[in-house]
1. Could you please tell me which pairs satisfy a Cβ distance under 8 Å, a separation of 6+ or placement on different chains, a first residue in region 341-363 that is closer than 23 Å to PRO271 by Cβ and open to solvent by less than 20 Å² (accessible area, probe 1.4 Å), and a second residue that is assigned to a loop (DSSP other than H, G, I, E, B) and among the aromatic types (Phe, Trp, Tyr)?
2. Which count do you get for residues in region 335-354 that are among the small types (Gly, Ala, Ser) and under 14 Å from GLU319 (Cβ atoms)?
3. Please work out if ILE199 is open to solvent by 10 Å² or more (accessible area, probe 1.4 Å), at pLDDT 95 or above and under 21 Å from the mean Cα position of the chain (by Cα).
4. Looking at region 70-88, I want the residues that are under 19 Å from THR18 (Cβ atoms) and open to solvent by 80 Å² or more (accessible area, probe 1.4 Å) and have a partner that is among the aliphatic types (A, V, I, L, M) and assigned to a helix (DSSP H, G or I) with Cβ atoms under 6 Å, at least 6 apart or on another chain. Which pairs are those?
5. So, in region 97-133, of the ones that are modelled with pLDDT of 95 or more and basic (Lys, Arg), which residue ends up most open to solvent (accessible area, probe 1.4 Å)?
6. Failed condition for GLY9, given (1) touching a strand residue (DSSP E or B) at 6+ places or on another chain (Cβ under 8 Å); (2) part of a loop (DSSP other than H, G, I, E, B); (3) surrounded by 15 or more Cβ atoms within 10 Å (Cβ to Cβ), with all others met?
7. Any residue in region 300-321 that's among the hydroxyl-bearing types (Ser, Thr, Tyr): show its pairings with residues that are at pLDDT 95 or above at Cβ separation under 8 Å, as long as the two are six or more apart or on different chains.
8. Looking only at region 274-292, decide whether some residue is open to solvent by 20 Å² or more (accessible area, probe 1.4 Å), closer than 29 Å to ASP195 by Cα, modelled with pLDDT under 95 and not basic (Lys, Arg).
Amino acid sequence: MTAIITGTGLYTPPASITNEELVASFNQYVELHNERHAAEIASGDVEALQPSSVEFIEKASGIRSRHVMDKDGILDPERMCPRLPDRSNDEYSIQCDMSVIAARQALEQAGRSASDVDAVIVACSNLQRAYPAVAIEVQEALGIDGFAYDMNVACSSATFGIQAAANAVENGTANAVLVVSPEICSGHLNFRDRDSHFIFGDACTAVLVERDDQVADGQGFEILGTRLKTKFSNNIRNNFGFLNRGDESGIGKPDKLFVQQGRKVFKEVSPMVAELIVSHLESLSLGADDLRRMWLHQANLNMNQLISKRVLGREATVEEAPVILDEYANTSSAGSIIAYHQHKDDFGAGDLGVICSFGAGYSIGSVVIRKR
């Protein structure tokens, strides 16, 4: 049995923040902080904060804007985090609402209904709660009869989820599986950190994976193979968790949000990703020249350009390695799927591509697909 990707969906939050807006808010915060701590700064007890700039952000990342679930809370220099009120236990969660919209798009694209789906995997970097699983809530909201579970492999959650879906289809556990990635990255981003306040945005993607004997000829993308890799690293980290209250001294510390050693990540992850893609292709008796497109994780433009160059042995064109992070910023596991969702309709029968993610862990996921 072969697994086929038959549909994709995307939920884009209505609010968007430009670099200019984000920098204006951050610099206002810097001014307020330095004024309030002027005496400590003068005595050397506190280091003065430095302003950010649009030029710095675009040169460092290639990001120009980001979609977010709440704009006003993020841009408020006295708050600098989204306002997302708690919902009662009788209401669907925010991540569920995002997932349902993206999932229905994927089902519509595939020409399927919820009754055709047997399983839901919610695969994303941050889950709204420990339990019950958000995936089971999504299953309930869509009216799917089957099973569901959550999984977290940081920025590689979606590709790891696709492999799990493909495995379920190929071994007969399910006929069709939805992989949904509701990423509210603005919730874990430290908007007071000059080195990272611009990195993330919010979005949700959905991918429907089905068994080939239930899919019409010429429909969808055949999954030729998947390859996953993890290697422990402290260079991308978030220490928020249920044990935080066990040590009050750590509550509210910067490490309870996203932190990274960006230069180390760039240096260590880029070659690992390129090597994994090349070796994955070779295991399938394919080469870089066989690829029409690489839908890479959308974290950093410079990083993607380096990876694609290492894979192809030359500079990649925008068509070969499409970019969506200029509008969406880093949407964690959703990024490579957004690129795939928006840049796949021009494929003809037999065209090959690879969806590749990489991030905290370190974790890397590669999915090689062929248009049917």
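The values are calculated or read from the model by the stated rules, or taken from the named source; none is laboratory data. Note that the structure is a prediction, hence the values are computed from the model and not measured. Glycine gets a Cβ as well: all are built from the backbone with ideal geometry, and neighbour counts include every protein chain shown. Areas reflect the complete protein model, heavy atoms only, side chains present, ligands, DNA and RNA absent. Shrake-Rupley method; radii C 1.70, N 1.55, O 1.52, S 1.80 Å.
1. GLY353/PHE347; TYR362/PHE232
2. The qualifying residues number 3.
3. In short, yes.
4. Between residues of region 70-88 that are under 19 Å from THR18 (Cβ atoms) and open to solvent by 80 Å² or more (accessible area, probe 1.4 Å) and residues that are among the aliphatic types (A, V, I, L, M) and assigned to a helix (DSSP H, G or I), there is no close pair.
5. So the residue we want is ARG104.
6. The failed condition is (2).
7. SER308/MET294; SER308/LEU296; SER308/GLU315; SER308/ALA316; SER308/GLU320; SER308/ALA321
8. Looking through region 274-292, none of the residues is open to solvent by 20 Å² or more (accessible area, probe 1.4 Å), closer than 29 Å to ASP195 by Cα, modelled with pLDDT under 95 and not basic (Lys, Arg).
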